[in-house]
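Have a look at the structure below before the remarks.
The values are calculated or read from the model by the stated rules, or taken from the named source; none is laboratory data. Since this is a predicted model, take the numbers as computed values, not measurements. Ideal geometry is used to build each Cβ from the backbone, glycine not excepted, and the neighbour counts take in all protein chains shown. Side chains are part of the model used for accessible areas, which takes the heavy atoms of the whole protein and leaves out ligands, DNA and RNA. Shrake-Rupley method; radii C 1.70, N 1.55, O 1.52, S 1.80 Å.
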Amino acid sequence: KSMMTTVNSLVAFGLKPIAGAMVDSLGRKPFLVLCPILAAIARMSVVLRGHPSNYVLYRLLINLAFLPLWPAISAYVADRFEPGSLRQSRAMQRMSLVLTLTGLLALRVGGRIGSARVNIALSCALNLAAAFCFLSFAPETLKKEDRKPLKIKTAANPLSFITVLSKSKRLMALAPLYMFQNVPDYDSTSRAYYKKKFGWGVREVARLMFWDRISGIFESVCCLDRPLIELLGLKKTAQLSCIVGAAQCANTAFTPKPSTVLLNSALDPLRHGRSVVMSLIQTEAKRQGIGQGELQAALGNLLFPLRLVCPTFFTELYTHAQYGLPMINYIARGGIQLFISTVVIPKVWLNLGHLPEMVEDRYAEENRMRGKRSS
């Protein structure tokens with residue numbers, strides 16, 4: 001499994017620039033239709049023949065299916081709304097809400113069925129249904145005049161993300177912040193920690209996941225990012241997100257009562273640092289004429305070193321400290337959040353010029369227009 005994960009990461013690193021270039025050249029809709037079909041074929045191969053060799057084929061096909069899918073979805077939403085705008089953020093939140101509700105339904109249905117083969121078959125049916133919906137109801141959003149020529153030699157270079165981001169000093173300044181924000185995502189030791197400290201099993205972890213999803217639904221419906229950004233501005237909203245993240249890590253690390261870990265879900269709606277940074281990145285990328293597919297591929301490959309190093313780092317750190325200091329990973333993650341808030345964000349903001357003010361002004365204008373429509 002570890003070798004397959006490494007192989008998939010290397011394949012993604014090599015092919016993501018090509019996928020992004022194809023999304024900007026051929027359009028969004030072909031990939032919105034074909035990727036779910038390829039995912040269905042991958043899952044059906046496991047249903048029809050549950051051999052270990054088929055699992056290898058399944059992982060490769062799923063990887064190839066999802067490589068262009070997220071750049072295509074992100075680019076599709078950016079085409080429909082202004083890249084980096086509040087409306088785009090709302091659209092992504094609504095999409096997240098649909099995915100969250102679908103995930104909750106899948107957990108409920110899958111738990112009642114109790115058969116992995118049947119659940120995989122249902123996933124195939126959902127993939128095909130998604131492909132049909134995209135084919136029937138999703139118009140192509142990339143105009144012919146906006147399509148970029150497909151330059152295979154450039155796209156085939158996995159290091160092309162450096163060229164893409166170096167088109168702007170602001171993008172280069174935002175890149176380290178974007179990377180630091182994603183570091184905690186690669187810690188996969190949470191279940192082992194919960195089991196060791198609290199004696200939690202599958203049921204307790206599932207309950208925690210349930211409340212995380214409920215928090216996601218609340219955030220998607222209430223949209224707290226708008227009042228937070230209006231009150232604090234982009235910089236302080238990003239810093240608040242990191243401080244709240246550090247508080248959540250401290251709560252998980254030092255709480256004597258397992259039930260208080262559930263409070264972390266209630267704090268999630270205050271965390272909008274990533275959406276702030278993404279708004280800045282997308283706004284600057286549009287100013288530099290960078291395609292949305294190209295941008296998403298560049299950001300994906302920017303995180304490749306983290307995908308390669310961080311899972312092993314966090315696993316080894318927990319393995320060596322689990323008997324003396326089992327909460328070491330949460331201490332490290334909390335420290336990273338505080339470092340981002342107090343050091344990285346202030347330094348990055350010094351190099352952004354008037355970009356944050358541009359985004360804040362656009363948010364304010366969107367809110368005024370929204371208020372006029374409501375009245």
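Summary table below
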item: Calculated [θ] (222 nm, deg cm²/dmol) that DSSP helices of n ≥ 4 give over the chain, each run adding -39,500 (n - 2.57); result: -25500 deg cm²/dmol
item: Under Karplus coefficients 6.51, -1.76 and 1.60, residue-wise ³J(HN,Hα) of the range 21-31 in Hz, glycine/proline x; result: 5, 5, 5, 7, 9, 8, x, 8, 4, x, 7
item: Distant-in-sequence amide H partners of residue 352 (H built 1.01 Å from N, under 5 Å); result: none
item: For the range 66-99 versus the range 256-305, the gap between their alpha-carbon centres in whole angstrom; result: 12
item: Only Lys, Arg (+1) and Asp, Glu (-1) charged, at Cβ; the chain dipole about Cα centre in debye; result: 560
item: Whole-percent carbon and sulfur share, accessible surface of the chain, 1.4 Å; result: 66
item: Positive dipole terminus of the chain, leading residue within 349, 158, 23 (C-beta point charges); result: 23
item: Area of residue 331 that stays accessible when all protein chains are in place (1.4 Å probe, Å², to 10); result: 70
item: Rounded to the nearest 10 Å², the accessible area of residue 31 at probe 1.4 Å; result: 30
item: Computed accessible area, residue 319, all protein chains, 1.4 angstrom probe, square angstrom; result: 70
item: Accessible area of the chain divided out per residue, in Å², using a probe of 1.4 angstrom; result: 52
item: Share of pairwise Cα separations in the range 242-357, more than 18 Å, in percent; result: 66
item: Rg over Rh, two decimals, the chain (C-alpha only, Kirkwood Rh); result: 0.95
item: Dipole-positive endmost among 173, 129, 67 within the chain (Cβ charges, Cα centre); result: 129
item: Sequence of 151, 197 when ordered by accessible area, the most exposed leading, probe 1.4 angstrom; result: 151, 197
item: The range 167-368: translational diffusion in µm²/s, Stokes-Einstein, Kirkwood Rh over Cα pairs, 20 °C, 1.002 mPa s; result: 117
